[in-house]
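Enquirer: One structure, as structure tokens, below. Some questions next.
The values are calculated or read from the model by the stated rules, or taken from the named source; none is laboratory data. As the structure is a prediction and not an experimental result, all values here were calculated from the model. When we count neighbours, we look across all protein chains shown, and the Cβ atoms used for this are built from the backbone with ideal geometry, even at glycine.
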Amino acid sequence: MWLNGRVVEEDEACIAPGDHGFLVGDGVFETLRSYGGVPFAVGEHGERLAAGAATLGIDAPSVERFEEAVRAVLEANGLADARIRATLTSGPGPPGLTRGGPSTFLVTARSMVPWPPTASAIVSGTVRHDESGPLAAVKTIGLADSLMAQREARERGADEALLLNTAGEIVEATTANVFIVLDGRLETPPPGSGCLLGITRERVIALSHDIGMPAVQPPIRPLALKAAEEIFLTSSTREIQPLVRLDGDPVGTGEPGPVTQKLAAAFSEMVRAEVAAG
């Protein structure tokens, strides 16, 4: 793994016990993946990490340093298709909330375990708070609400959970963005809902123009999910994953729909082209 400027063995890595990422959740992270040893959208992930860090007031590595660390970890582990996690915290500090520093930057990678081809979900009772707050669109390391929603999904026999904001609108899944096909429209929650502006989300919005169904971003109520012909999730590691059951009922026909399949094919082609270009 890469820790604070160099590649180290996992059993040699040491995070200070007083690190504020560990003690008070003061940090941001990115998850991305590689194909054939080539990290996908690595620059975009580096930029988002830096933007989130700037919101928190944490010193971040440059995009070039971010990419250097990601590539070094992939090479050191001999990984081709990998799941990569980059974590940045404000570093060790005194007890309480006063920061010390310098920041801690850690990059790890593991072999990619493919997601199932389809998934089921519930609409969770867990509410994603403060959608209007400064951290709503920042990928912070505090994920307790997602963990609670994921546990609820498992207890109810589902794979995923969709979370609501305080206005009762769909925000996102625990680790993914949400898209629906409804009355011939492709919709995804707007930035103001409190959703994370995922890298894959942005790529899918761009691809939606190419397939002739430009995505729109209105507030989405739970009742719209019940009427949706298709629902799918997007994230860097799962790419585009169809949701075929929601709250125990089939979504549409209960099979991946044509819009989802068309976008998934277009996304795969885009990835192949970018990876081939290095």
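Enquirer: For the range 144-151, state whether one or more residues are out of contact with any helix residue (DSSP H, G or I) (no Cβ under 6 Å at 6 or more places or on another chain), under 29 Å from Ala69 (Cβ atoms), in contact (Cβ under 8 Å) with a residue 60 or more places away in the chain and among the small types (Gly, Ala, Ser).
Expert: Scanning the range 144-151, I find no residue that is out of contact with any helix residue (DSSP H, G or I) (no Cβ under 6 Å at 6 or more places or on another chain), under 29 Å from Ala69 (Cβ atoms), in contact (Cβ under 8 Å) with a residue 60 or more places away in the chain and among the small types (Gly, Ala, Ser), so the answer is no.
Enquirer: Here is a follow-up. So which residues in the range 114-124 are assigned to a loop (DSSP other than H, G, I, E, B) and either of a type in the set (Val, Ile, Thr) or touching a strand residue (DSSP E or B) at 6+ places or on another chain (Cβ under 7 Å) (or both)? Lay out the reasoning, then the answer.
Expert: Initially, the range 114-124 is screened for residues assigned to a loop (DSSP other than H, G, I, E, B), giving 114-118.
Correct list: Trp115, Thr118.
Enquirer: It is to be established whether one or more residues within the range 7-23 are modelled with pLDDT of 95 or more, charged (D, E, K, R) and crowded, with 22+ Cβ neighbours inside 10 Å.
Expert: No, the range 7-23 has no match at all.
Enquirer: Sticking with this structure for a sec: Going by the conditions given, is Ser146 of a type in the set (S, T, N, Q), under 16 Å from the mean Cα position of the chain (by Cα) and at pLDDT below 95? Talk me through it step by step, then tell me what you get.
Expert: On the way: of a type in the set (S, T, N, Q): yes; under 16 Å from the mean Cα position of the chain (by Cα): yes; at pLDDT below 95: yes.
Judged against the criteria, Ser146 is a match.
Enquirer: Further, regarding this structure: Please verify whether the range 66-73 includes one or more residues that are surrounded by 14 or more Cβ atoms within 10 Å (Cβ to Cβ), among the basic types (Lys, Arg), under 24 Å from Ser268 (Cβ atoms) and in contact (Cβ under 8 Å) with a residue 12 or more places away in the chain. Reasoning before the result, please.
Expert: Here is the first cut: in the range 66-73, the ones surrounded by 14 or more Cβ atoms within 10 Å (Cβ to Cβ) are 66-73.
If we keep only those that are among the basic types (Lys, Arg) as well, we get 71.
Narrowing further to those that are under 24 Å from Ser268 (Cβ atoms): 71.
From what is left, the residues that are in contact (Cβ under 8 Å) with a residue 12 or more places away in the chain are 71.
Within the range 66-73, one or more residues are surrounded by 14 or more Cβ atoms within 10 Å (Cβ to Cβ), among the basic types (Lys, Arg), under 24 Å from Ser268 (Cβ atoms) and in contact (Cβ under 8 Å) with a residue 12 or more places away in the chain.
Enquirer: Same structure again: State the number of residues belonging to the range 54-113 that are in a strand (DSSP E or B) and closer than 21 Å to Ala137 by Cβ.
Expert: Of the residues in the range 54-113, 5 are in a strand (DSSP E or B) and closer than 21 Å to Ala137 by Cβ.
Enquirer: Scanning for something modelled with pLDDT of 95 or more, of a type in the set (Lys, Arg) and surrounded by fewer than 19 Cβ atoms within 10 Å (Cβ to Cβ), does the range 42-64 turn up at least one residue?
Expert: For the range 42-64, residues modelled with pLDDT of 95 or more, of a type in the set (Lys, Arg) and surrounded by fewer than 19 Cβ atoms within 10 Å (Cβ to Cβ): absent.
Enquirer: May I ask you to say which residue of Val259, Val244 is in a strand (DSSP E or B), buried (at least 18 other Cβ atoms within 10 Å of the Cβ) and not charged (D, E, K, R)?
Expert: Numbers: Val259 fails: in a strand (DSSP E or B).
Testing whether each residue is in a strand (DSSP E or B), buried (at least 18 other Cβ atoms within 10 Å of the Cβ) and not charged (D, E, K, R) leaves just Val244.
Enquirer: Also, quick follow-up: Any residue in the range 191-203 that is buried (at least 21 other Cβ atoms within 10 Å of the Cβ), in contact (Cβ under 8 Å) with a residue 60 or more places away in the chain and farther than 22 Å from Trp115 by Cβ?
Expert: The answer is yes, given that some residue of the range 191-203 is buried (at least 21 other Cβ atoms within 10 Å of the Cβ), in contact (Cβ under 8 Å) with a residue 60 or more places away in the chain and farther than 22 Å from Trp115 by Cβ.
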